[in-house]
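**Q** Okay, here's the structure, questions in a sec.
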Amino acid sequence: PTRMPVAFLQLERNRQYWPKLAYPATGAQVSFRGSQILFQYFPGEGLQLHPLSTFKKANALHGFCERGEPECDEAALRRILDEMTALAVKRGRRFIAWEYLFYFGGGYPPWMSGMAQATGIQAFARASRLLGEPSYVETAKRALGAFETLPPSGVRTTGPAGGVHYLQYSFAP
């Protein structure tokens, strides 16, 4: 049930986009008025929520504010993290994740990216300190379980010579 908000949001954004706007280039990123999150066009898959790009944007907003640059927009940073909090999916009982709902690189949806998960954790933790918002650190903590859980639910694995390694994609051990 926690995947429903993402699924319905993607359907709504595709419904809004396709009748009115120009055909996007492969890999083009799109945002919508009133929202900070990013969607990316994948041929045959339509516009898809792109957690890694969205969290990269959040970290860029954080950096602008940390450096006191004119591009600093604390309200936009709050908005992007609040939107992504609402789109977090419970992956088992142990943690939340930001999933991808399209086929990619041999993986079937839903899957998660270790890099997107780590970038999201970083964005929430940094913003918590900058904005004085303890709930963001709590969200980051709830997402850490991905790095303690084996695939395909999480991204923790053992490397060829032993030791802990983390997967790029939960479907590709």
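The values are calculated or read from the model by the stated rules, or taken from the named source; none is laboratory data. Computed from a prediction, not measured in an experiment: that's the story for all the values here. We place every Cβ from the backbone using ideal geometry, glycine too, and count neighbours over all the protein chains shown. The accessibility values were calculated without ligands, DNA or RNA, using every heavy atom of the protein model including side chains. Shrake-Rupley method; radii C 1.70, N 1.55, O 1.52, S 1.80 Å.
**Q** Within region 8-30, track down each residue that is within 18 Å of L52 (Cα to Cα) and surrounded by fewer than 14 Cβ atoms within 10 Å (Cβ to Cβ).
**A** T26, G27, A28
**Q** Return the residues of region 88-107 that are more than 14 Å from the chain's Cα centre (by Cα) and of a type in the set (S, T, Y); say none if nothing qualifies.
**A** Passing the criteria: only Y103.
**Q** While we're on this one: Starting from residues that are touching a residue at least 40 places away in the same chain (Cβ under 8 Å) and assigned to a loop (DSSP other than H, G, I, E, B), keep the ones in region 80-94 and report whichever is farthest from P1 (Cα to Cα).
**A** Among residues in region 80-94 that are touching a residue at least 40 places away in the same chain (Cβ under 8 Å) and assigned to a loop (DSSP other than H, G, I, E, B), the one farthest from P1 (Cα to Cα) is R94.
**Q** If you don't mind, another one. Go through L47, L52, L77, L61 for me and flag whichever is touching a His at 6+ places or on another chain (Cβ under 8 Å), modelled with pLDDT of 95 or more and either exposed (fewer than 14 other Cβ atoms within 10 Å of the Cβ) or not in a loop (DSSP other than H, G, I, E, B) (or both).
**A** L77
**Q** I'm trying to understand the selection: among the residues of region 92-106, which are open to solvent by less than 20 Å² (accessible area, probe 1.4 Å) and under 16 Å from A140 (Cβ atoms)?
**A** F95, I96, A97, W98
**Q** For A127, indicate whether it is more than 22 Å from F8 (Cα to Cα) and either outside any helix (DSSP H, G or I) or open to solvent by 40 Å² or more (accessible area, probe 1.4 Å) (or both).
**A** Considered against the rule, which asks whether it is more than 22 Å from F8 (Cα to Cα) and either outside any helix (DSSP H, G or I) or open to solvent by 40 Å² or more (accessible area, probe 1.4 Å) (or both), A127 comes out as no.
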